[in-house]
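Structure record follows, encoded as structure tokens.
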Amino acid sequence: MGEDLLPKTYEPADIERQWYGHWEEKGLFRASDKRKGNEYSIVIPPPNVTGSLHMGHALNNTLQDILIRYHRMKGANTLWMPGMDHAGIATQNVVEKQLAEQGLRREDLGREKFIERVWEWKEESGGTIINQLKRLGCSCDWDRERFTMDEGLSQAVREVFVQLHEQGLVYKDDYIVNWCPRCHTALSDLEVEHEDSKGHLWLIRYPVEDSDEALVVATTRPETMLGDTAVAVNPEDERYRHLVGKTAILPLVNRRLRIIADPIVTKDFGTGALKVTPSHDLNDFELSIRHNLERVTIMDTNGRINENGIHFAGMDRYECRAAIVKELKKKKFLEGTDPYVVGLGRCYRCKDVVEPLISKQWFVRVKPLADEALAAVRDGRTKIIPDQWAKTYYEWMTNIRDWCISRQIWWGHRIPAWTCEKCGELVVSRKTPKKCPSCKDPALTQETDVLDTWFSSALWPFSTMGWPKETQLLKTFYPTSCLVTGFDILFFWVARMMMMGLRFGGDVPFREVYIHALVRDEHGKKMSKSVGNVIDPLVVMDQFGTDAFRFTLAALAAQGRDIRLSAKRIEGYRNFMNKIWNAARFALPHLVGQSGSLSPEDLDRLGLPERWILSRLNRTIEAVEQAILGYDFNEGAQALYRFTWHEFCDWYLEQAKIPLGGDDAETARRTRLVLKQVLDSLMRLLHPFIPFITEEIASKIPGCGDTIMKGPFPVHDASQVDPKAEQDMDTLIGIITSVRNIRAEMDLPPSKKLPVVVLPSTPHEHELVDSHQEIIVVLARVSELSLFDPGAKPKLPRMSAAAVVGEMRLFVPLEGVIDPEAEIARLEKELAKIDKDLTAAQKKLSDEHFMSKANPEAIQKQKDKFEEAQARSGGLGDSLKRMKKFRQN
RNA sequence: GGGCGGGUAGCUCAGCGGGAGAGCAUCGGCCUUACAAGCCGAGGGUCACAGGUUCAAAUCCUGUUCCGCCUACCA
């Protein structure tokens, strides 16, 4: 031991690598699947196999690791279940892009070869994020790592699908869905991002058959007119009532269109007449059901006009729009064009504009599931934190629509349904059926579609634990304790896990859901590659160390607000790590050989600073535990920062240099033991937030053992909270600060030691100062401390700077050293401040409404405030008078 | 259109019924033997605006306004 053991600045790289290796090697992340009754479990939000660690992951997993490490230290049987998501569309896109570089499309390989190729990619370069999570310090039970496409989870997926089908909650139907022409698949409503975009509203004249009249319709998508099969007006609309039932002629195409009336049409939008295109608009599709309209599909799955598009066939949708407008104009059907803001739907993966298209898809009837999930949050079986999100959850769950679960891609769980080629029977089965159960024919073809990725994610909390088998793990850890996630996937994932967990897991999937913020750049912008404002967590960890980064995230994670992250902020907390490091560098050499701990007799004999720091420590323990349990990570971080830096380092360590270097062996011994205890507890308190540096330091504390990650976590000891000691220490701090202030304001160099005269107002104050003279002398750099009896009226030097602490008066004789004008100015400034407090308190105390209605505590507070201000004002005012008198002479 | 969140020190944000706070930035002084990534001090805010409730409002209520997000089938 010695200073050579710890370098002057904290160098995280080696320490992080060594400790993580050590933890893993010793199997410290492993959970026991034997139920002990004190379980704590979290399932990780599985990152995409394609993913690389970004800020969202970093925040999400840091918070989970804090929770996990805390509960593990508290002695809970703790499971953090890790794994990855196969991310259907995203992963397929990655591999398709690689193929494209070789000039290939997935069709060139064929389904089987393509999927093989994806698996190959997954084995080689998928899941780099796992190592990045390790770098972050995540203490997941890696031996249990799962993948949404592994054998067990695939089985769970089939089981759930089949059971849903048996329960009549899965159906296949023709419906108009969101179609991505680029990804070539249907998307669920959630997978469409809405965005406002500048467009136009075109007014087109549709002549009425056998009449001079015409209906003018308004549309933002003129190209869809090729598929129009009706014109609709509001039944209440006087202007058009006489036309309902008649026929309009579709320009260019010359199709005959029924004129129908339906309340969905808004009278005062556009012209009040709506062109109806059942195959390419959701509303119109529903109109076609109500009015039994013909459907004409004019677009193919690539977004190009098909053979129904007369001479426009073969054109791209936007190309066609321009051509149609041109032709309408030429043939005088175009009545006008207005600029208009249109809501565009885009694919959440590739950002291409989605196209409403009719196709045969699989759906989950979610209403019954949603009702159960709704009830579980309403009655508190699952608690959403912060609770403002519960409202959003209710809202969505209440208005939920059926979930389109089929995707026309190859990478994913293939739908376990087969069609009999002979009799057309649809068979849904857990295992590949050998023959048709109806006609016994062996020729069965499986569905080519795969399931929405979120279908398997919805099962994650129980599928990862072995469901549908009734495993020990499931019995021990399901329902999980907590789910930590961002609000962006509240509907995608959380809501669906609730539904599936309740229906198939037999209980809610988690007791609590903590919804955290989004990480943005320092100006509040979303981080994105194209904007170039992305902060890479890996770069940050290289630059500042993992602990500094984790602490920053925790410190900024206030509930219900987005996080604006800047490098400056991380740098600040890097400095904090360094502060901790140096505090340890100072303390550790004093602890050599100190393997014992404080005896009850020692505790009885502790000096004021020792009682004070133990009191502050215990308050901090309480604050940190409360913060973690209430998901107020920022408050926990703040309490730790303040205690460590501004109490332990600034005051305790500074004053401890006196007894540690003093002659009194007994006092020095007790000081060392307190120092050890505080350092030890502090490392443990900090450990869930900053695991690496705390392990490194703790490992050098005598008797601290092999690791602190297994606990114990410090226990709050109310008997060590000592308000009296806190008050006395505050008085000493006040004296020291006052002297320092005088020195700074009077422009006196720190090297110049100053004489100080103290006039206590009570015997207690006298005793306090008397017995702690050395602390004042050293920390305030005092040359000579003169302490008078309470109430004494000593003859003071004519020229001195003054201060008041509590009711105690301080003087720093400065005759000949400073300009009296400077001191007068300083005193007047101080007095002005006090005067504000004084009059405020006075006003309240003389207000009879306040005195009669306010609660006694508030009144007492005002009285105390008034008295304190009065004492300070009196003392300083007195000094000011003397100074002015001195000036006159 | 509906919903939610927010406007507090130059910046980023805590506080959310009884003394306006932190970090960073700024200014002044210090290489005080753990730490200059540090130490000691200082300055800086009609808490968006307008009403209301209350003895008391940054904090609760109402309205206005400006930002952000979510959601939605006015083409």
### Task
Scan (1) over 27 Å from residue A:111 (Cα atoms); (2) surrounded by fewer than 22 Cβ atoms within 10 Å (Cβ to Cβ) for the single condition residue A:445 breaks and write down its number.
(1)
### Query
Are there any pairs, at least 6 apart or on different chains, whose C-beta atoms fall under 7 Å, with the first in segment A:327-340 and within 13 Å of residue A:217 (Cβ to Cβ) and the second open to solvent by 40 Å² or more (accessible area, probe 1.4 Å) and within 15 Å of RNA strand B (Cβ to nearest atom), and if so, which?
A:333/A:205; A:335/A:205
### Message
Go through (1) open to solvent by less than 50 Å² (accessible area, probe 1.4 Å); (2) within 19 Å of residue A:642 (Cβ to Cβ); (3) of a type outside the set (Lys, Arg) for residue A:549 and report which single condition fails.
### Response
(2)
### Task
Looking at (1) at pLDDT below 90; (2) open to solvent by 50 Å² or more (accessible area, probe 1.4 Å); (3) closer than 19 Å to residue A:203 by Cβ, find the lone condition where residue A:326 falls short.
(1)
### Message
Tell me the residue from A:28, A:53 that is surrounded by fewer than 19 Cβ atoms within 10 Å (Cβ to Cβ) and either free of Cβ contacts under 8 Å to residues at least 40 places away in the same chain or not β-branched (Val, Ile, Thr) (or both), please.
### Response
A:28
### Query
Would you pick out the residues in segment A:541-566 that are under 30 Å from residue A:389 (Cα atoms), out of contact with any Gly (no Cβ under 9 Å at 6 or more places or on another chain) and more than 10 Å from RNA strand B (Cβ to nearest atom)?
A:549, A:551, A:553
### Query
Before we move on, is residue A:705 within 42 Å of the chain's Cα centre (by Cα), surrounded by fewer than 19 Cβ atoms within 10 Å (Cβ to Cβ) and assigned to a loop (DSSP other than H, G, I, E, B)?
yes
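Condition check ((1) more than 13 Å from RNA strand B (Cβ to nearest atom); (2) free of Cβ contacts under 8 Å to residues at least 24 places away in the same chain; (3) open to solvent by less than 10 Å² (accessible area, probe 1.4 Å)) across all residues:
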{"site": "A:641", "(1), (2), (3)": "no, no, no"}
{"site": "A:650", "(1), (2), (3)": "no, yes, no"}
{"site": "A:674", "(1), (2), (3)": "yes, no, yes"}
{"site": "A:685", "(1), (2), (3)": "yes, no, yes"}
## Note on the structure
The condition of being surrounded by fewer than 21 Cβ atoms within 10 Å (Cβ to Cβ) and not in a helix (DSSP H, G or I) holds, among A:603, A:598, only for A:598
### Message
Cβ-Cβ under 8 Å, sequence separation 6+ or interchain: first residue in segment A:740-765 and basic (Lys, Arg), partner surrounded by fewer than 14 Cβ atoms within 10 Å (Cβ to Cβ). Which pairs?
### Response
A:743/A:750; A:743/A:752; A:753/A:783
### Message
Any residue in segment A:697-715 that is touching a residue at least 60 places away in the same chain (Cβ under 8 Å) sitting within a Cβ distance under 7 Å of a residue that is outside any loop (DSSP other than H, G, I, E, B) and open to solvent by 30 Å² or more (accessible area, probe 1.4 Å)? List the pairs, counting only those 6 or more apart or interchain.
### Response
A:700/A:5; A:701/A:680
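Consider residue A:201 carefully, then state whether it is in contact with a strand residue (DSSP E or B) (Cβ under 9 Å, 6 or more places away or on another chain), away from RNA strand B (no atom under 16 Å from the Cβ) and open to solvent by less than 20 Å² (accessible area, probe 1.4 Å).
It is false that residue A:201 is in contact with a strand residue (DSSP E or B) (Cβ under 9 Å, 6 or more places away or on another chain), away from RNA strand B (no atom under 16 Å from the Cβ) and open to solvent by less than 20 Å² (accessible area, probe 1.4 Å).
Quick one: which residue in A:844, A:836, A:853 is open to solvent by 30 Å² or more (accessible area, probe 1.4 Å), within 10 Å of RNA strand B (Cβ to nearest atom), over 22 Å from residue A:798 (Cβ atoms) and at pLDDT below 85?
The unique qualifying residue is A:836.
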### Message
Filter segment A:301-323 down to the residues that are surrounded by fewer than 15 Cβ atoms within 10 Å (Cβ to Cβ) and assigned to a loop (DSSP other than H, G, I, E, B) and list them by number.
### Response
A:302, A:307, A:314
#### Entry: Pick from segment A:621-634, criterion free of Cβ contacts under 8 Å to residues at least 40 places away in the same chain and buried (at least 18 other Cβ atoms within 10 Å of the Cβ), ranking: farthest from RNA strand B (Cβ to nearest atom)
A:623
### Task
Would you check which residues across segment A:103-139 are surrounded by 13 or more Cβ atoms within 10 Å (Cβ to Cβ) and free of Cβ contacts under 8 Å to residues at least 60 places away in the same chain and list them?
A:104, A:109, A:117, A:119, A:121, A:130
## Note on the structure
The strands (runs of 3 or more DSSP E) lying entirely within segment A:367-444 that contain at least 1 residues which are within 16 Å of RNA strand B (Cβ to nearest atom) are A:383-385
### Message
Taking the conditions exactly as written (open to solvent by 50 Å² or more (accessible area, probe 1.4 Å), within 16 Å of RNA strand B (Cβ to nearest atom) and either free of Cβ contacts under 8 Å to residues at least 12 places away in the same chain or out of contact with any Leu (no Cβ under 7 Å at 6 or more places or on another chain) (or both)), does residue A:346 satisfy them or not?
### Response
yes
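The values are calculated or read from the model by the stated rules, or taken from the named source; none is laboratory data. Since we're looking at a predicted model, the values are computed, not measured. As a convention, Cβ positions derive from the backbone with ideal geometry for all residues, glycine included, and neighbour counts pool all protein chains shown. Remember, those area values only see protein heavy atoms, side chains included, never the ligands or the DNA or RNA. Shrake-Rupley method; radii C 1.70, N 1.55, O 1.52, S 1.80 Å.
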